[in-house]
1. Tell me the residue from Ile152, Ile118 that is aliphatic (A, V, I, L, M), out of contact with any Phe, Trp or Tyr (no Cβ under 8 Å at 6 or more places or on another chain) and away from ligand 2 (no atom under 14 Å from the Cβ), please.
2. Would you check which residues across the stretch 70-117 are out of contact with any strand residue (DSSP E or B) (no Cβ under 6 Å at 6 or more places or on another chain), among the hydroxyl-bearing types (Ser, Thr, Tyr) and not in a loop (DSSP other than H, G, I, E, B) and list them?
3. Among the hydrophobic types (A, V, I, L, M, F, W, C), over 17 Å from the mean Cα position of the chain (by Cα), over 21 Å from Ala7 (Cα atoms) and within 16 Å of ligand 1 (Cβ to nearest atom): which single residue out of Ala113, Ala132, Ala88, Ala36 fits that description?
4. Pick from the stretch 188-247 the residues that are part of a helix (DSSP H, G or I) and basic (Lys, Arg): which of them is surrounded by the fewest Cβ atoms within 10 Å (Cβ to Cβ)?
5. Just a yes or no: is a residue in the stretch 95-103 within 30 Å of Gly182 (Cβ to Cβ), within 16 Å of ligand 2 (Cβ to nearest atom) and polar (S, T, N, Q)?
6. Can you name the residue in the stretch 91-110 that is closer than 21 Å to Asp56 by Cβ and surrounded by fewer than 19 Cβ atoms within 10 Å (Cβ to Cβ) and, of all such residues, is farthest from ligand 1 (Cβ to nearest atom)?
7. Wholly within the stretch 251-343, which strands (runs of 3 or more DSSP E) include no fewer than the required count, namely at least 1 residues that are without any contact (Cβ under 8 Å) to a residue 60 or more places away in the chain?
8. Considering only residues that are part of a helix (DSSP H, G or I) and among the aliphatic types (A, V, I, L, M), look in the stretch 27-63 and name the one that is nearest to ligand 2 (Cβ to nearest atom).
Amino acid sequence: MQAGVFAAPGQFIVEDRPEPSLDTVPPDWVKLEVDACGVCGTDLQIVKDPPGHPADPGVVLGHELAAHVVELGAAATSVREGDRVVLAPNLYCREQNLEPCPQCLRGRTNHCANFHTIGIHRDGGFARYVLAPDKALLPIAPDLPLGDAVWIEPLSCVLGGFNQFEVNDTDTALVIGAGPIGVLHALMLKSRGLSVIVADLADTRLEQVRNAGVDRTVNVQVESLAAVVDEVTDARGVDLIVDAVGGQLGTAVDLAAMMGQICCFGLNSLIPTVNQSRLTEHELRIFGTFVGVGTFLQAIQLLEDGMLQPSGLNLTMPLADLPEGLDLCRTGAAVKVVATPGS
Ligand SMILES: [Zn+2]
Ligand SMILES: [Zn+2]
């Protein structure tokens, strides 16, 4: 089968791989046929030279996948052949049948000592077949469009941050970064009836975000974000801010309203300068968020209910074209690239 592989720092290739066999995994694992798998910012970080995220060279990438079950291990009981499922790709103690580590015991599975991700630490969904424990699979409705189903995993991460906001009907909101994570935050804020500004550097992305229903977009290379925030909020500042890029806390603190809330989601190596006096005087609430805990079912429900319909942002392509697909994500020409390994 064809597989999209992290070959070496800076190298993502599509090559031929043998089909994975259930003989190589514990008996509660199943074999999935991948229907579609989305490209995540983490994939781009892994493939960067030097890498911005660790992964083992030779691994098949892809962790945002919708699939159906084609073969069951002897002890796999929670799914049946033919079931349509989504993968929760981060395996914690429970999914690996390990005694719970101290973090898992406290319910903080996202900080599990045995954190192991399908599509990063072992072969993932940029291939026709992938293996996964039955405990990491969740059923999805037959009529949920495939193009929306591939957004479940990133939405589950976004909800880990979004759920920490205290949202009021009259709040204004700003999302810094119009990649897939920024867009999902913007759509969640929109779904709560808020007026949202999205800032980015890529006009193509901003245009797609406007088409998805965002009120105001700002290309910060062309326009002053501070001036737009002043205009939209009558100089009160923004109530809810998401940094979906990383390193934007200084900007966020400068643009926040009194008692504003700032969700720090994006990760990179930038170290921002922050006006701490403003933070104190404005009584800002700032929180970091890393992978959602228990947010998968909520993500599935939101998409099945049509509260968010992000599939219009997808650029879908066969697996063989994925190296170019990654380039389109990197340059900001595409918001979301989705591979269909069966095509
Ligand atoms: Zn991801
Ligand atoms: Zn654990």
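1. From the options Ile152, Ile118, the qualifying one is Ile118.
2. Of everything in the stretch 70-117, just one residue is out of contact with any strand residue (DSSP E or B) (no Cβ under 6 Å at 6 or more places or on another chain), among the hydroxyl-bearing types (Ser, Thr, Tyr) and not in a loop (DSSP other than H, G, I, E, B), namely Thr109.
3. On the way: Ala113 fails: within 16 Å of ligand 1 (Cβ to nearest atom); Ala88 fails: over 17 Å from the mean Cα position of the chain (by Cα); Ala36 fails: over 17 Å from the mean Cα position of the chain (by Cα).
After applying the criteria, what remains is Ala132.
4. So in the stretch 188-247, the residues part of a helix (DSSP H, G or I) come out as 188-191, 203-211, 225-233.
Within this subset, residues satisfying the condition of being basic (Lys, Arg) are 190, 205, 210.
Details: Lys190: 18, Arg205: 26, Arg210: 14.
Ranking the candidates gives Arg210 first.
5. For the stretch 95-103, residues within 30 Å of Gly182 (Cβ to Cβ), within 16 Å of ligand 2 (Cβ to nearest atom) and polar (S, T, N, Q): present.
6. Out of the qualifying residues, it is Leu98.
7. 256-264, 285-288, 314-318
8. Top of the filtered list is Ile46.
The values are calculated or read from the model by the stated rules, or taken from the named source; none is laboratory data. What you are looking at is a predicted structure, and each value in this text was computed from that prediction instead of being measured. Here Cβ is always computed from backbone atoms with ideal geometry, including for glycine, and neighbour counts include all displayed protein chains.
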